[in-house]
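The next block holds one structure in the form of structure tokens; read it before the comments.
The values are calculated or read from the model by the stated rules, or taken from the named source; none is laboratory data. Every value quoted in this text rests on a predicted model; they were computed, and no experiment measured them. Methodologically, a virtual Cβ is constructed for each residue, glycine included, from the backbone with ideal geometry; neighbour enumeration extends over all protein chains shown.
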Amino acid sequence: MTNSLTHSEYRKYNVGGEPVEILNKLSEEQAFLRTTMLFTGLEVSSFNINRKQKDLKLFEFGKIYWKEAGKYFEKERLALYMTGQYEADNWQRAARPASYHDLSRFVANVLAKSAITNAKTESITDPLFEYAVKITSGKSEIGKLGKVKSAIQKDFGIKQEIFYADLDVSLLFNAANPKFDVQDVPKFPEVRRDLSLVLDWHVAYKEIEELVRTTERKLVKDIIVFDVYEGDKIPPGKKAYALGFTLQDETGTLTDDVIDKTMSKLIGAFETKMQALIRK
């Protein structure tokens, strides 16, 4: 939770409309109402990083303000920030840095919770981002998502990548459907199986996920990519995916036979429909 009053220096970025100046300001650090959630979020990120807390996943509900043609406006936003390692080292896999795709999944979850099913993304050029997409639903702009510009991060003394999403709270809440389903926590344990496969370089992860979901809907509860590799020992025009599958049967304990059959079914789908080479 950060202050809506921000530094006059942030006007140089010229984003978010004409800023609202405080007439009886106490200092230049609190001279204007913020026109974007980004800069106060970067202040928080910098504060934590400078104190050795470099792996951050942050969110904030707050308001932005601007004026236009003599009229004043305010709007509530949901801001998401991600930087540093996405997950720490553990016995199963090494730590890996957070990415644009990680934050994109969080945004997708927010949209799903808000019952927004027709969202579309479009690449845009924006002064705050190195690269970004605009998220729309019909004619309404829900928000933006991308990697913060290195030059802006540098002004805050931040050397690691920052990924940032800015969403319109009113659109999320107006679309939200309060109905939801509840089910018992599964009583039976889940099982993790890994698979490494070599595919044509143009195959996207989304295609892999869709193939898995259409091949085995019941037992595959989660899919993660923990490594993508191109280079030595991989043929030109190819790339290697290392995938992790979480398998679970909600009606009973999975047997080795069922697990093996499920993985064989997935391998067959990859080989047949994507001409994948399975690495062993």
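Within this structure, L172 fails the test of being at pLDDT 90 or above, in a strand (DSSP E or B) and buried (at least 18 other Cβ atoms within 10 Å of the Cβ). Tell me yes or no: at least one residue of the range 45-53 is farther than 25 Å from P97 by Cα and not β-branched (V, I, T). No, the range 45-53 has no match at all.
Yes or no, residue by residue, for (1) of a type in the set (A, V, I, L, M, F, W, C); (2) closer than 27 Å to F73 by Cα; (3) at pLDDT below 95:
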position	(1), (2), (3)
A112	yes, no, yes
I116	yes, yes, yes
E122	no, yes, yes
K134	no, yes, no
V148	yes, yes, no
I158	yes, no, no
Y164	no, yes, no
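Checked against (1) of a type in the set (V, I, T); (2) surrounded by 19 or more Cβ atoms within 10 Å (Cβ to Cβ); (3) closer than 18 Å to N109 by Cβ, V148 passes all but a single condition, namely (3).
K25 fulfils the conditions (1) modelled with pLDDT of 90 or more; (2) more than 30 Å from V225 (Cα to Cα); (3) not in a helix (DSSP H, G or I) except for a single criterion, (1).
The set of residues in the range 30-75 being closer than 11 Å to S4 by Cβ and among the polar types (S, T, N, Q) consists of Q30, T35, T40.
Conditions tested, residue by residue: (1) under 22 Å from A276 (Cβ atoms); (2) touching a residue at least 60 places away in the same chain (Cβ under 8 Å); (3) over 23 Å from the mean Cα position of the chain (by Cα); (4) not assigned by TED's automatic domain parsing to the domain that holds G143.
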| site | (1), (2), (3), (4) |
| --- | --- |
| D155 | no, no, yes, no |
| K159 | no, no, no, no |
| S170 | no, yes, no, no |
| D184 | no, no, yes, yes |
| L195 | yes, yes, yes, yes |
| L199 | yes, yes, yes, yes |
| E210 | yes, no, no, yes |
| F226 | yes, yes, no, yes |
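If the requirement is being part of a helix (DSSP H, G or I) and either small (G, A, S) or surrounded by 13 or more Cβ atoms within 10 Å (Cβ to Cβ) (or both), which of these qualifies: A108, A115, A79, A94? One residue alone meets the criteria, A108.
Kindly check whether there is at least one residue in the range 126-136 that is within 17 Å of the chain's Cα centre (by Cα), surrounded by 15 or more Cβ atoms within 10 Å (Cβ to Cβ), of a type in the set (S, T, N, Q) and within 24 Å of Y10 (Cα to Cα). Looking through the range 126-136, none of the residues is within 17 Å of the chain's Cα centre (by Cα), surrounded by 15 or more Cβ atoms within 10 Å (Cβ to Cβ), of a type in the set (S, T, N, Q) and within 24 Å of Y10 (Cα to Cα). For the range 91-102, the count of residues that are within 9 Å of the chain's Cα centre (by Cα) and of a type in the set (S, T, N, Q) is at least one. Considering the conditions (1) among the basic types (K, R); (2) under 27 Å from Q183 (Cβ atoms); (3) surrounded by 16 or more Cβ atoms within 10 Å (Cβ to Cβ), R217 is excluded by exactly one of them, (3). Residues in the range 194-235 that are in a loop (DSSP other than H, G, I, E, B) and among the small types (G, A, S): A204, G231. Looking at the structure I just gave you, is T36 in contact (Cβ under 8 Å) with a residue 40 or more places away in the chain, of a type outside the set (A, V, I, L, M, F, W, C) and crowded, with 18+ Cβ neighbours inside 10 Å? Criteria met by T36. In the range 101-144, the qualifying residues are those that are touching a Gly at 6+ places or on another chain (Cβ under 7 Å) and among the aromatic types (F, W, Y), and the one that is farthest from K159 (Cα to Cα) is Y131.
Just for the range 1-33: of the residues that are farther than 23 Å from A69 by Cα and aliphatic (A, V, I, L, M), which one is surrounded by the most Cβ atoms within 10 Å (Cβ to Cβ)? Checked the range 1-33; the qualifying residue surrounded by the most Cβ atoms within 10 Å (Cβ to Cβ) is L26.
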